[in-house]
Amino acid sequence: MAVTGWLESLRTAEKTALLQDGRRKVHYLFPDGKEMAEEYDEKTGDLLVRKWRVKSALGALGQWQTEVGEPAVPGAGSLGPEFIKENNANPIFMRKDTKMSFQWRIRNLPYPKDVYSVCVDQTERCIIVRTTNKKYYKKFSIPDLDRHRLTPDESALSFAHANCTLIISYRKPKEVLEAESELQKELKKVKTAHSSDGDCKTQ
């Protein structure tokens, strides 16, 4: 497989790994100061969390931005917009991938399936979700496709609706699957610290 620029940047990043609570946590530090943190299920190898943090122009560390996994719970003890709490009935958007698909879940959408339209916008390289009753509209990109310089493909897109949740799936292209497989091989080379009830075991 041809090594993509994205895979090469992951290989050259400084990496540390920790095994904790059945999750393998990997932290990446890139030469430009960006940080990425990923969490994998230890048994299945599934990606559970991916977050990014970027330094400001003055060098201060920004907030972690979640790309994959549950949206961050507002931190206690920090002043700011976290104290303005959203209504629990508002739609909640999150990404939760499977082995073969990128997958997004939008909770608190009670309308029947035939109300939703989910399509790819080739010009803006994104997915657009809208409802015929004009109650919901969402536009989001697939960063993984951008990193691999792949064009979104309408035929890879599907959606389902159950329990007030819209589930949108996008079949992973073979280039992404190959890159993920290569990355798993790379991560096996990273020395992993073990954490259990606060005790650090050295190997």
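The values are calculated or read from the model by the stated rules, or taken from the named source; none is laboratory data. From a predicted model like this one, the values you see are computed outputs, not experimental measurements. Cβ atoms come from the backbone with ideal geometry, glycine included; neighbour counts cover every protein chain shown. We work out accessible area using only protein heavy atoms, side chains counted, and drop any ligands, DNA or RNA first. Shrake-Rupley method; radii C 1.70, N 1.55, O 1.52, S 1.80 Å.
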Inset, instruction - Return yes when residue 4 is surrounded by 14 or more Cβ atoms within 10 Å (Cβ to Cβ) and at pLDDT below 80 and no when it is not. - result: yes
Inset, instruction - May I ask you to verify whether residue 124 is open to solvent by 50 Å² or more (accessible area, probe 1.4 Å), over 17 Å from the mean Cα position of the chain (by Cα) and over 25 Å from residue 49 (Cβ atoms)? - result: yes
Legend entry - Scope the range 114-170; condition touching a strand residue (DSSP E or B) at 6+ places or on another chain (Cβ under 8 Å) and of a type in the set (D, E, K, R); matching residues: 121, 124, 125, 130, 138, 139, 144, 153, 154
Legend entry - Selected residue (only one of 130, 105 is in a strand (DSSP E or B), surrounded by 12 or more Cβ atoms within 10 Å (Cβ to Cβ) and under 19 Å from the mean Cα position of the chain (by Cα)): 105
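Matching residues to (1) modelled with pLDDT of 90 or more; (2) in a loop (DSSP other than H, G, I, E, B); (3) buried (at least 16 other Cβ atoms within 10 Å of the Cβ); (4) of a type in the set (Asp, Glu):
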| position | (1), (2), (3), (4) |
| --- | --- |
| 50 | yes, no, yes, no |
| 68 | yes, no, yes, no |
| 78 | no, yes, no, no |
| 82 | no, no, no, yes |
| 94 | yes, no, no, no |
| 98 | yes, yes, no, no |
Inset, instruction - Test residue 179 against the stated conditions and say whether it is surrounded by 13 or more Cβ atoms within 10 Å (Cβ to Cβ), under 16 Å from the mean Cα position of the chain (by Cα) and not assigned by the TED database to the domain that holds residue 100. - result: yes
Legend entry - Identity of the residue in the range 139-175, closer than 20 Å to residue 7 by Cβ and of a type in the set (Val, Ile, Thr), that ends up most open to solvent (accessible area, probe 1.4 Å): 151
Inset, instruction - Out of the residues in the range 18-34 that are in contact (Cβ under 8 Å) with a residue 24 or more places away in the chain and in contact with a Leu (Cβ under 7 Å, 6 or more places away or on another chain), state the one that is least open to solvent (accessible area, probe 1.4 Å). - result: 26
